[in-house]
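Trainee: If you scroll down you'll find the structure; I have some questions about it.
The values are calculated or read from the model by the stated rules, or taken from the named source; none is laboratory data. Bear in mind that the values here come from a model prediction, so they are computed numbers and not experimental data. Here the Cβ is made from the backbone with ideal geometry for all residues, glycine too, and neighbour counts use every protein chain on show. With ligands, DNA and RNA removed, areas are computed over all heavy atoms of the protein, side chains included. Shrake-Rupley method; radii C 1.70, N 1.55, O 1.52, S 1.80 Å.
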Amino acid sequence: TVSLHGQPSIAYPHFSGFADERGEGPGRGYNRNFPLPERTGEEPYLEAFWKAMNLIARFKPEFLVLSLGLDLLKGDPTGSFVVPVKALSTIGTSLGALGLPLLVVQEGGYSLRNLRRGAPALFRGIQQGLREAPRRGRDVATQR
């Protein structure tokens, strides 16, 4: 699991998701948390995303499951980030360019305006990335 989310000391669920939680037992090292502060915008969010993508590329998974929280977008009534919709296109392109089977499960996002704009931006990005995957190979994450 690789997760980008709010700092658990101030964001839900308030008890899990700290950076030092790396898994236990045989799963030790297979969990990476990237807790981000309130008011995180596009640049720091994407910086954490590229770190996460590098971990994913090194792991070489057979498929990805994306737990999509659209509450990261600016204007969400419950989220504390200020990420613009255009960042979802960048994220989608990078995920699609990995050329892996991808399951997207929406798990957050409470602004209808953001849902109407954010989900299509992500999926258009994924589509663009899939078109680029054969040309660019599966090492897109390491290009940043």
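Trainee: Just Leu98, Leu66, Leu122 to compare: in a GNM of the chain, with alpha carbon springs under 10 Å, which one fluctuates most?
Mentor: Leu66
Trainee: Would you calculate, for the chain, the mean residue ellipticity at 222 nm contributed by helices, counting each DSSP H stretch of 4 or more residues as -39,500 (n - 2.57) and dividing by all residues, to the nearest 500?
Mentor: Working: 3 runs with 56 residues, N = 144.
That comes out to -13000 deg cm²/dmol.
Trainee: Between Pro77, Pro44, Pro35, where does the largest GNM mean-square fluctuation fall for the chain, given springs only between Cα atoms within less than 10 Å?
Mentor: Of Pro77, Pro44, Pro35, the most mobile in the Gaussian network model is Pro77.
Trainee: Can I ask one more? Would you work out the relative contact order for region 2-46, in percent, from Cα pairs under 8 angstrom that are 6 or more residues apart?
Mentor: 42 percent
Trainee: On to the next question. Mind checking region 39-73 for trypsin sites (Lys or Arg not before Pro) that DSSP puts in a loop (not H, G, I, E or B) and that have at most 10 other Cβ atoms within 10 Å?
Mentor: Numbers: sites: Arg39, Lys51, Arg58; in loops: Arg39.
For trypsin sites (Lys or Arg not before Pro) across region 39-73 that sit outside H, G, I, E and B with at most 10 neighbouring Cβ atoms in 10 Å, the list reads Arg39.
Trainee: For the chain, what's the relative contact order in percent, using C-alpha pairs closer than 8 Å and at least 6 residues apart? Present the calculation step by step, with values, prior to reporting the outcome.
Mentor: Details: 259 pairs, mean separation 32.4, N = 144.
Once normalised by length, the contact order is 23 percent.
Trainee: Quick check: with the 1.4 Å probe, what order do His14, His5 take by accessible area, largest first? Please list the in-between numbers first.
Mentor: Values: His14 110, His5 40 Å².
Order by accessible area, largest first: His14, His5.
Trainee: Run through region 52-89 and list the chymotrypsin sites (Phe, Trp or Tyr not before Pro) located in a DSSP loop whose Cβ has at most 11 other Cβ atoms within 10 Å. Kindly include the intermediate steps, with their values, before the conclusion.
Mentor: Values: sites: Phe59, Phe63, Phe81; in loops: Phe63, Phe81.
In loop regions of region 52-89 (DSSP not H, G, I, E or B), the sparsely surrounded chymotrypsin sites (Phe, Trp or Tyr not before Pro) are Phe63.
Trainee: Suppose we flag GluC sites (Glu not before Pro) only when DSSP calls them loop and at most 12 other Cβ atoms lie within 10 Å. Which is the longest uninterrupted stretch of the chain? Mind showing how you got there, number by number?
Mentor: Working: sites that count: Glu24, Glu38, Glu62.
Between exposed loop sites, the widest span is 63-144.
Trainee: So I have (1) 102; (2) 181; (3) 142, and one of them is volume of the Cα convex hull per residue in Å³ calculated from this model. Which one is it?
Mentor: Answer by label: (1).
Trainee: What does the charge add up to near Phe81, with Lys and Arg as +1, Asp and Glu as -1, over the other residues with Cβ less than 11 Å from its Cβ? Intermediate values should be presented prior to the final figure.
Mentor: Values: positive: Arg39, Lys74; negative: Glu38, Glu42, Asp71, Asp76.
Neighbourhood net charge equals -2.
Trainee: If you don't mind, another one. Only Cα pairs under 8 Å and at least 6 apart count here; give the relative contact order of region 1-82 as a rounded whole percent. Kindly include the intermediate steps, with their values, before the conclusion.
Mentor: Working: 97 pairs, mean separation 22.4, N = 82.
In percent, rounded to a whole number, it is 27.
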